[in-house]
Amino acid sequence: MCVESVPPPPSRVTRRGVLAGAAALAGTAALTAAPGAAAAPARGATGTPAPGAPRTGDLVVEGGTLLDPATGAVTEDAVVVIRDGVVRVAGARARTDVPADAPRLDAHGRWVLPGLIDAHIHLNTATEALDAVRKGATSARSGSTNFYQDIAVRELARQAPERAPRLRAAGVFVTPDLGDTVLADPDLTPLARLKEGVRSAEALRRVVQVNLARGADVVKTRVNERAGLPEQDPLTQVYSYEQLSEVVAAARRGGRGVLCHSYSERGCDDAVRAGIRSLEHGVFVAERTLHDMRRRGTYFTPTLTAIAGLAEESDPVLAERGRAYLPVLKEAVRAAHELGVPLAAGTDSSGGAVEPIGREVELMHAAGLSALDAIRTATTRAARLLGLERTAGRLAPGFAGDVLVVSGDPLADLSVLAEPVRVVRAGLPLSR
């Protein structure tokens with residue numbers, strides 16, 4: 001059935017819907033300061049606080065050992081000066097002018113590094129968003145939500161950054177069976193009439209168009225069924241190369257990239273050839289496809305945490321699936337890294353259970369990456385995937401004042417990343 005005759009939803013409705021969603025999700029409490037946060041409100045041209053401006057902070061993180069993931073440089077007795085939520089200076093104390101009046105965070109005996117990036121996470125509530133930040137993910141990319149909650153989380157992060165990670169939102173999943181997601185936007189409801197679901201070129205374009213009109217930063221689709229449902233076979237292909245190409249083309253017309261849920265060898269290859277920006281999961285990705293990914297610059301987000309979690313499920317089908325898939329995926333990650341395929345860390349957290357992004361970094365290391373390269377998958381390399389390479393992933397002048405303080409040397413023991421001692425978001429220290 002053709003649904004193309006319905007005009008795309010207007011951008012003015014999108015903005016109103018996003019603001020309403022942000023208000024509903026965040027609530028008044030979401031705009032209050034975290035206890036102990038040193039706030040420095042954004043200023044207007046006259047020097048007075050700008051109405052409705054996002055909160056940011058002034059802070060000096062001093063005395064710790066600073067790690068720069070971009071260069072691997074380690075600086076002892078370092079100072080990071082954050083002003084209005086942005087790093088102004090980062091380096092050795094002896095060479096740094098430290099403002100006398102700025103609030104201090106003592107990091108003596110600790111290591112200091114940039115906030116981490118979770119390149120695949122599902123954030124449906126303000127509570128989950130805050131939990132992700134507390135566990136070290138100060139930036140993230142959504143893996144989709146059912147009712148555009150991620151669009152609202154993104155707006156929450158802009159207004160109250162200490163409550164949510166800086167987010168690239170994916171909107172709703174471009175998938176054959178939308179289920180209740182047809183209620184996420186009135187412009188999706190005509191798709192409920194389609195007996196075959198979202199499969200025609202017109203229907204695929206419609207979901208992408210609604211996502212773009214809602215303000216999605218990226219588009220999420222699938223080529224295989226889900227691994228986390230025992231009744232589904234994750235090697236079953238649900239979209240063809242041609243269908244995936246329609247999704248990619250529609251996203252590109254809006255200036256957006258596509259992340260694709262993939263498992264099977266053929267599915268991974270079809271998705272990469274269709275022009276996706278990043279391959280998600282990718283357990284059975286073939287070597288020839290990895291070579292193609294390197295040539296195209298396609299990212300690989302393996303979500304090792306999610307696959308490892310399957311092995312711990314009580315359902316025997318899922319547990320066996322996890323045990324069988326994890327070693328295969330680790331080998332794919334090792335091969336991808338050796339070939340030069342860009343890797344990004346993502347937990348695929350969902351359903352209220354937010355996993356520490358530091359755990360994914362540990363699994364990257366277990367798959368064969370050096371400790372520094374594993375850290376880069378959740379900093380500099382993930383930042384490039386999200387288009388944040390000049391904002392996140394480093395503590396250097398001009399970068400966001402997002403800081404992780406950890407108990408020990410992550411180059412020697414990556415487990416310290418999963419339990420940060422302190423997290424700072426835009427210069428605002430989160431309460432313990």
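The values are calculated or read from the model by the stated rules, or taken from the named source; none is laboratory data. Computed from a predicted model, the values in this text were never measured in an experiment. Here the Cβ is made from the backbone with ideal geometry for all residues, glycine too, and neighbour counts use every protein chain on show.
Could we say that residue 412 is in a helix (DSSP H, G or I) and touching a residue at least 12 places away in the same chain (Cβ under 8 Å) here? The answer is no for residue 412.
Looking only at the range 93-112, decide whether some residue is at pLDDT 95 or above, surrounded by fewer than 24 Cβ atoms within 10 Å (Cβ to Cβ) and touching a helix residue (DSSP H, G or I) at 6+ places or on another chain (Cβ under 6 Å). No, the range 93-112 contains no residue that is at pLDDT 95 or above, surrounded by fewer than 24 Cβ atoms within 10 Å (Cβ to Cβ) and touching a helix residue (DSSP H, G or I) at 6+ places or on another chain (Cβ under 6 Å).
Applying the condition of being touching a helix residue (DSSP H, G or I) at 6+ places or on another chain (Cβ under 8 Å) and of a type in the set (D, E, K, R) to the range 377-425 and asking which residue is nearest to residue 65 (Cα to Cα) yields 409. Residue 71 fulfils the conditions (1) without any contact (Cβ under 8 Å) to a residue 12 or more places away in the chain; (2) under 26 Å from residue 355 (Cβ atoms) except for a single criterion, (2). Quick check: anything in the range 418-429 in a helix (DSSP H, G or I), among the aliphatic types (A, V, I, L, M) and either within 21 Å of the chain's Cα centre (by Cα) or under 30 Å from residue 263 (Cα atoms) (or both)? Scanning the range 418-429, I find at least one residue that is in a helix (DSSP H, G or I), among the aliphatic types (A, V, I, L, M) and either within 21 Å of the chain's Cα centre (by Cα) or under 30 Å from residue 263 (Cα atoms) (or both), so the answer is yes.
I need the helices (runs of 4 or more DSSP H) fully contained in the range 352-397, keeping only those with at least 1 residues that are acidic (Asp, Glu), under 21 Å from residue 341 (Cα atoms) and at pLDDT 95 or above. Walk me through it before giving the result.
Working: elements: 357-366, 371-376, 380-385.
Once the helices (runs of 4 or more DSSP H) in the range 352-397 are filtered for at least 1 residues that are acidic (Asp, Glu), under 21 Å from residue 341 (Cα atoms) and at pLDDT 95 or above, what remains is 357-366, 371-376.
Of everything in the range 332-352, what is of a type in the set (A, V, I, L, M) and over 9 Å from residue 118 (Cα atoms)? Give them in sequence order. Scanning the range 332-352 gives 332, 333, 335, 336, 339, 341, 343. Screening the range 282-343 for helices (runs of 4 or more DSSP H) wholly inside it with 2 or more residues that are over 24 Å from the mean Cα position of the chain (by Cα) returns the ranges 287-296, 316-339. Do the conditions hold for residue 258, that is, is it within 21 Å of the chain's Cα centre (by Cα) and within 30 Å of residue 308 (Cα to Cα)? So residue 258 fits the description; yes.
Determine whether residue 145 is among the hydroxyl-bearing types (Ser, Thr, Tyr) and more than 27 Å from residue 345 (Cα to Cα). Before the answer, list the steps.
Numbers: among the hydroxyl-bearing types (Ser, Thr, Tyr): yes; more than 27 Å from residue 345 (Cα to Cα): no.
Against the criterion (among the hydroxyl-bearing types (Ser, Thr, Tyr) and more than 27 Å from residue 345 (Cα to Cα)), residue 145 does not qualify.
Just one of the numbered conditions (1) without any contact (Cβ under 8 Å) to a residue 24 or more places away in the chain; (2) outside any strand (DSSP E or B); (3) hydrophobic (A, V, I, L, M, F, W, C); (4) buried (at least 24 other Cβ atoms within 10 Å of the Cβ) is not true of residue 279: (2).
For the range 179-190, the tally of residues that are under 18 Å from residue 222 (Cβ atoms) and touching a Ser or Thr at 6+ places or on another chain (Cβ under 9 Å) stands at 4.
Residues of the range 97-126 being of a type in the set (S, T, N, Q) and without any contact (Cβ under 8 Å) to a residue 60 or more places away in the chain, which ones? If you could, list the steps in order and put the result at the bottom.
First pass over the range 97-126, keeping only residues of a type in the set (S, T, N, Q): 124-125.
Of everything in the range 97-126, nothing turns out to be of a type in the set (S, T, N, Q) and without any contact (Cβ under 8 Å) to a residue 60 or more places away in the chain.
Taking every residue in the range 313-326 that is in contact (Cβ under 8 Å) with a residue 40 or more places away in the chain and pairing it with any residue that is not aliphatic (A, V, I, L, M), at least 6 positions away or on another chain, the pairs with Cβ-Cβ distances below 6 Å are 315/230; 317/230; 318/230.
Listed by first and then second residue, the pairs with beta-carbon distance under 8 Å, at least 6 apart or on different chains, first residue in the range 228-247 and not assigned by TED's automatic domain parsing to the domain that holds residue 269, second part of a helix (DSSP H, G or I) and β-branched (Val, Ile, Thr), form an empty list. Scanning the range 304-324 for residues that are touching a Pro at 6+ places or on another chain (Cβ under 9 Å) and surrounded by fewer than 21 Cβ atoms within 10 Å (Cβ to Cβ) yields a total of 5.
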